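Written out below as structure tokens is the structure these notes cover.
The values are calculated or read from the model by the stated rules, or taken from the named source; none is laboratory data. Model, not experiment: these values are computed from the prediction. Every residue, glycine among them, receives a Cβ derived from its backbone with ideal geometry; neighbour counts consider all protein chains shown.
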Amino acid sequence: MARRVIHDFVIPARTGRAVEVMQGQVLRIHLVEDKQVGDCAFFNLHDRREAFHVGQSWALNVMLGHGNGKCFKYFYSKPPRENVMFEVVEDTVGEHWSSMGGRCSRRLLELRDGDTDHRSCQENLAEAFAPWGIDGDDIIDVFNVFMNVEVNPDGTFEIHPPTAMAGDHIDLRARMDVLAGISACPADRNAANDGRPKPLGVTVFAED
């Protein structure tokens, strides 16, 4: 099946961007450089009350045999709708923090590091969605793409450098018209981005 490029751009390190992905189109998030993660939030383009929900996505994929806490096939919206927003059609990594839903924020960084002036994924996403009238309070869960985390038996977790390398990607086919926001995570004080924030590539395809 031939693919026609609708959008193709690079999100600079430490920033975010949003893009409209129409039903049937494929959103590709890919690595421009080795070992970078992103935080992604998704809304129904026509009804912002319908948004991606990590908890229901994790639960439904596990219960229906479509995934686990590191990767799953279907991205569901929050209750009470629980519609499929995206379907994974290709994933060269299979290593994400699919069961988390949170992201770095100025408040988190202040509590953890005492830092009140550091870029965050929350800020990046709020800025990216602003042209569509969505602000930071509207953002619910995120998908931590390419993030490599191990959950310990005692319930704690450890962040490791990503396994994803330049050229790796995940392809998501839209099952409805979606507004997708993606942050090239600015973390530089842990292993999330292997110590250095880098850009992320984004391409939207139409399949003909």
Q) What are the residues in region 68-90 that are more than 30 Å from Asp188 (Cβ to Cβ), in contact with a strand residue (DSSP E or B) (Cβ under 8 Å, 6 or more places away or on another chain) and not hydroxyl-bearing (Ser, Thr, Tyr), if any? A) Lys73, Lys78, Arg81, Glu82, Asn83, Val84, Met85, Glu87, Val89
(Q) I'm checking my understanding of the structure. Among residues of region 182-207 that are assigned to a strand (DSSP E or B) and of a type in the set (Gly, Ala, Ser), which one is farthest from the chain's Cα centre (by Cα)? (A) Ala206
Q: Kindly indicate the residue of region 124-147 that is free of Cβ contacts under 8 Å to residues at least 60 places away in the same chain and outside any loop (DSSP other than H, G, I, E, B) and also farthest from Arg17 (Cα to Cα) among those meeting that condition.
A: Asp137
**Q.** Matching residues, region 37-67, being within 16 Å of the chain's Cα centre (by Cα) and over 23 Å from Asn124 (Cα atoms)
**A.** Gln56, Ser57, Trp58
(Q) I'm trying to understand the selection: among the residues of region 163-181, which are over 15 Å from Gln23 (Cβ atoms), in a loop (DSSP other than H, G, I, E, B) and not charged (D, E, K, R)? (A) Thr163, Ala164, Met165, Ala166, Gly167
(Q) Looking at region 127-139 only, could you name the residues that are buried (at least 16 other Cβ atoms within 10 Å of the Cβ) and more than 15 Å from Ile11 (Cβ to Cβ)? (A) Ile134, Asp138, Ile139
Q: Take the residues in region 1-38 that are touching a Phe, Trp or Tyr at 6+ places or on another chain (Cβ under 9 Å) and assigned to a loop (DSSP other than H, G, I, E, B), then tell me which one is nearest to Glu87 (Cα to Cα).
A: Gln25
Q.
Just the residues that are more than 14 Å from the chain's Cα centre (by Cα) and at pLDDT 95 or above, please, taken from region 1-13.
A. Arg4, Val5, Ile6, His7, Asp8, Phe9, Val10, Pro12, Ala13
Q) Does at least one position in region 49-61 carry a residue that is in a loop (DSSP other than H, G, I, E, B) and polar (S, T, N, Q)? A) no
Q) Restricting attention to region 80-122, which residues are assigned to a loop (DSSP other than H, G, I, E, B) and of a type in the set (A, V, I, L, M)? A) Val93, Met100
Q.
Where the second residue is modelled with pLDDT under 95 and the first is closer than 10 Å to Gln25 by Cα and lies in region 1-12, which pairs have Cβ atoms under 9 Å and are six or more apart or on separate chains?
A. Arg3/Glu207; Arg3/Asp208; Arg4/Glu207; Arg4/Asp208
**Q.** region 148-162: number of residues that are assigned to a loop (DSSP other than H, G, I, E, B), touching a residue at least 12 places away in the same chain (Cβ under 8 Å) and surrounded by fewer than 22 Cβ atoms within 10 Å (Cβ to Cβ)
**A.** 1
Q. Among (1) out of contact with any Pro (no Cβ under 9 Å at 6 or more places or on another chain); (2) surrounded by fewer than 22 Cβ atoms within 10 Å (Cβ to Cβ), where does Phe86 come up short?
A. (2)
Q) Taking region 147-182, which residues are hydrophobic (A, V, I, L, M, F, W, C), modelled with pLDDT of 95 or more and farther than 15 Å from Val93 by Cβ? A) Ala174, Met176, Val178, Leu179, Ala180, Ile182
Q) For Arg107, are the conditions met, namely being surrounded by 22 or more Cβ atoms within 10 Å (Cβ to Cβ) and basic (Lys, Arg)? A) no
